[in-house]
Amino acid sequence: MAIIDFFVDALTGPEITFSAMFLRIFLSMIAGFILGIERKLHLQNAGLRTHILICMSSCLMMIISLYIPQISQHRLQNAGDPTRIAAQIISGIGFLGGGAILRHGLNIKGLNSAATIWAAAGIGMALGCGMALVGMIVAVLCVICMVVFEKLESVYFPAEHAKQLELIFRNDSIDFKLLKKNLLSYGLIIMNVDFTRDIEKQKTKIIYTVKTSDNLDIIGLTESFKDIGKIEKVKLTD
């Protein structure tokens, strides 16, 4: 019981001792690892080391926030506001999270990584100020949310990505109604159409901006254009 009481007091007690500092930072490293391993498995730039460092440093800054008033309360009448450093963590992590969000072609990537960076900072702060149980519960729930809900989304709410579909046909033998119907049959949502006609070369270029899911049958879609006209080129880009 004495050992259990020691760990409970070190992780949740109001007094900041060396053992409390060490255990809280160590626990924040574990929490950062839990979040970072999921991102690393998804080959994200903000992976294992990033989340561990964010969680540990946030924990350290929260410990400093609590420790400074503790050592100065006997020396100064005003021990200071322990929330000031915590407020700066929020400002700084917002800048770091924003750097994880990137525009890739027509799509935005990195939103989940930015959210986990924000979560890692919050969990580190919670662990640093003694909320060990809540911090670890949130870390586990975050991973459950990212792993389980990702599978549910892929089945029931498949992600849609914006892409550009470029088609080049020879001569004028194009059935545009059949072309549109064909695109819709493959689950493509047409957002914009750009039409170019080269009279000298007798070629027609059509660029569709479409939304499509990850399970698009690209080979089947490409082969289906042969029934619409004399297709020369099919290009699909993000």
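The values are calculated or read from the model by the stated rules, or taken from the named source; none is laboratory data. Note that the coordinates shown come from a computational prediction; the quantities given were computed from them, not determined experimentally. For neighbour counting, all protein chains shown are included, and Cβ atoms are generated from backbone atoms with ideal geometry for every residue, glycine included.
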In the range 1-39, how many residues are over 19 Å from Cys55 (Cβ atoms) and either touching a residue at least 60 places away in the same chain (Cβ under 8 Å) or of a type in the set (Lys, Arg) (or both)?
2
Kindly indicate whether Ser65 is within 20 Å of Thr12 (Cα to Cα), outside any loop (DSSP other than H, G, I, E, B) and either of a type in the set (Gly, Ala, Ser) or at pLDDT below 80 (or both).
yes
Step by step: first the residues of the range 84-131, then only those that are buried (at least 17 other Cβ atoms within 10 Å of the Cβ) and β-branched (Val, Ile, Thr), then the one that is nearest to Met56 (Cα to Cα). Which residue is that?
Ile123
Counting only residues that are within 12 Å of Met146 (Cα to Cα) and assigned to a helix (DSSP H, G or I), which one in the range 32-48 is farthest from the chain's Cα centre (by Cα)?
Ile34
Looking at (1) outside the structural domain of Ala20 (by TED's automatic domain parsing); (2) in a helix (DSSP H, G or I), which one does Ile144 not meet, given that it meets all the others?
(1)
For the range 203-237, which residues satisfy the criterion of being among the charged types (D, E, K, R), closer than 18 Å to Gly187 by Cα and touching a residue at least 60 places away in the same chain (Cβ under 8 Å)?
Asp214, Lys235
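Can you pull out every residue in the range 166-217 that is part of a loop (DSSP other than H, G, I, E, B) and of a type in the set (D, E, K, R)? Quick ask: steps written out before the conclusion?
Start the filter on the range 166-217 by keeping residues that are part of a loop (DSSP other than H, G, I, E, B), which leaves 171-175, 186-188, 199-202, 214-217.
Asp172, Asp175, Glu200, Lys201, Asp214, Asp217, listed by residue number.
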Given (1) in a helix (DSSP H, G or I); (2) closer than 24 Å to Phe18 by Cα; (3) modelled with pLDDT under 80; (4) touching a helix residue (DSSP H, G or I) at 6+ places or on another chain (Cβ under 7 Å), number of the condition Cys59 does not satisfy
(3)
Identify all residues within the range 224-238 that are over 24 Å from Pro158 (Cα atoms) and either aromatic (Phe, Trp, Tyr) or in a helix (DSSP H, G or I) (or both); write none if there are none.
Phe225, Lys226, Asp227
Scan the range 1-25 residue by residue and report those that are surrounded by 10 or more Cβ atoms within 10 Å (Cβ to Cβ), small (Gly, Ala, Ser) and over 36 Å from the mean Cα position of the chain (by Cα).
none
Looking at the range 27-51 only, could you name the residues that are surrounded by fewer than 14 Cβ atoms within 10 Å (Cβ to Cβ) and either over 16 Å from Ala121 (Cβ atoms) or in contact with an Asp or Glu (Cβ under 8 Å, 6 or more places away or on another chain) (or both)?
Leu41, His42, Leu43, Asn45
